[in-house]
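Here is the structure we will look at.
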Amino acid sequence: MTFCDSMGVGVLVLLLKQSREQQSSLVLSSIPPVMERILMIRGLRSAFRVEPSVEEAIQVVQAPSRRGTSDEDVDSP
């Protein structure tokens, strides 16, 4: 693992923390296999929502919350 890989993981963890503080979603997409392996080795893979494509990640973020949010509560794109 290189220093650059470690920095990348650190940035992802920082972004995850910030998104949780702001009660917003962070969805990763199309991550390279090496990054997925790094997250797994560090025990962080389960902390992140990962989708196979950008399109699928956008759908996840734009979907109404599972906590009972109605369509009226979701801002239009």
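The values are calculated or read from the model by the stated rules, or taken from the named source; none is laboratory data. What you see is a predicted model; the values in this text were computed from it and never measured. All Cβ positions, even for glycine, are placed from backbone atoms using ideal geometry, and neighbour counts span all protein chains on display. When the accessible area is computed, the model is the full protein with side chains, heavy atoms only, and any ligands, DNA or RNA have been set aside. Shrake-Rupley method; radii C 1.70, N 1.55, O 1.52, S 1.80 Å.
Scanning the range 22-53 for residues that are assigned to a helix (DSSP H, G or I) and open to solvent by less than 80 Å² (accessible area, probe 1.4 Å) yields Met35, Glu36, Ile38, Leu39, Arg45, Ala47.
Output the residues belonging to the range 11-36 that are of a type in the set (Gly, Ala, Ser) and more than 18 Å from Ala63 (Cβ to Cβ). Talk me through it step by step, then tell me what you get.
Our first condition is that a residue be of a type in the set (Gly, Ala, Ser); within the range 11-36, this holds for 19, 24-25, 29-30.
Matches in the range 11-36: Ser30 only.
Could we say that Ala57 is surrounded by 10 or more Cβ atoms within 10 Å (Cβ to Cβ), of a type in the set (A, V, I, L, M) and modelled with pLDDT of 90 or more here? Here the answer is yes, as Ala57 does meet what is asked.
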